[in-house]
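What follows is calculated from the coordinates using simple rules that are stated; it is not laboratory data. Given the structure is predicted, the values throughout are model-derived calculations rather than measurements. Here the Cβ positions follow ideal geometry from the backbone for every residue, glycine too, while neighbour counts run over all protein chains shown.
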Amino acid sequence: MAPLVSAVSRTADPFVRTGKRPTLAVWKFASCDGCQLTLLDCEDELLAVAGQVDVAYFLEASSATVEGPYDVSLVEGSITTAHDAKRIREIREMSGKLVTIGACATAGGIQALRNFAGPDGGPDVSAYAAAVYAHPEILDTLPTSTPISEHVFVDFELRGCPIDKHQLLEVVSATLAGRKPQIPNYSLCLECKRSGAVCVMVAHGQPCLGPATQAGCGAICPNFSRGCYGCFGPHEGPNMPALGDRFAELGVDADGWLRALRTYNAYAGPFRKEADHVERTRS
């Protein structure tokens, strides 16, 4: 994750004490809105947060807006157009702290599959556009879908598809307090142990991305006897080749391993590196 050090504000206290409550803005780029809905789903907890800040810009919740600058900006979605590449730079300029939320903002999202669609494994958005749109020629889009951090400095990345509301509240409250958010960076396997879930790979021989995936969802899938799909992206330092070997032992071929890696977090570094290796070496 990106360190909580802002390019805009580098003082010990991230907010200038003016007697006013800090302002919060929530922005959407290419995404399904699921992470913004997670914020709205906080309900009582959101009311408590709203009591500490002025929600100045959040179109998912209200059309009433206040002009920036903003003390904290939460950004959902990936950059897929030249217009959005320009807009995120403007948002960065007017934001004291900028936090990206969800797989789209932190790893390009499911739409980042376009980044690997070409015959040589590179970008080729035309094939996808032709399959989805009756008149793809009217589209004005970039050939890639990339995370926010490839365009501007990001103070903190909160992963998940969608994000976990308790982690979101922790990030918001920590950022407002000027401390580092306490978000786990260990694998999902620890959540399985804590919840008492039986290891689906050991007990049932099911492929599972849990050993490489960051904790955060509460091990939902393993608790229902299903392998992890990697919704929260890679944790720090996953051993992807070893997990690939384990998948092979369970009967998953190279194509199956590649499909497992290229879902919600396909553009995340460790997943992307392993997928590129598979493409280069598979027969």
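A few notes on this one:
- For the chain, the share of DSSP beta bridges that are antiparallel, to the nearest 5, is 20%.
- Taking Cα atoms only, the orientation of helix 165-177 departs from the longest principal axis of the chain by about 40 degrees.
- Eligible lysines near Lys180 by straight Cα distance, threshold 21 Å, same-chain separation 8 or greater: Lys97, Lys165
- Zone residues, the stretch 53-75, relative to Leu47, backbone N less than 12 Å from point 7 Å out along Cα-to-Cβ: none
- Across the stretch 76-83, rounded Karplus estimates of 3J(HN,Hα) from the backbone phi angles (6.51 cos²θ - 1.76 cosθ + 1.60, θ = phi - 60°) give 10, x, 9, 9, 10, 9, 5, 4 Hz, Gly and Pro being marked x.
- Angle between the chain longest axis and helix 240-249 axis [Cα atoms, degrees, rounded to 10]: 40 degrees
- Computed helical MRE - 222 nm, the chain, DSSP H runs ≥ 4 contributing -39500 (n - 2.57), nearest 500: -9500 deg cm²/dmol
- Within the listed set Thr146, Thr100, Thr81, the Gaussian network model of the chain (springs between alpha-carbon atoms below 10 Å) gives the highest mean-square fluctuation for Thr81.
- Working note: Karplus 6.51/-1.76/1.60 with θ = phi - 60° gives the stretch 135-145 the couplings 10, x, 5, 7, 6, 10, 9, 7, x, 10, 10 Hz, where Gly and Pro are set to x.
- Among Pro241, Pro222, Pro123, the largest mean-square fluctuation in a Gaussian network model of the chain, built with springs joining Cα atoms closer than 10 Å, belongs to Pro241.
- The stretch 220-283 and the stretch 46-103: distance between their alpha carbon centers, rounded to Å: 32 Å
- When only alpha carbons are used to place a centre, the stretch 141-191 and the stretch 113-128 end up 27 Å from one another.
- Inter-label distance, Leu37 to Asp120: 4.0 nm, where each label sits 7 Å from its Cα along the C-beta direction.
- Residue of Gln167, Gln111, Gln182 that the Gaussian network model of the chain assigns the largest fluctuation, springs spanning Cα pairs under 10 Å: Gln182
- Under-5 Å amide H pairs with Phe58, H placed in peptide plane, nonlocal only: Val26
- ³J(HN,Hα), Karplus 6.51/-1.76/1.60, whole Hz, each residue of the stretch 151-157, x for Gly, Pro: 10, 9, 5, 10, 6, 7, 10
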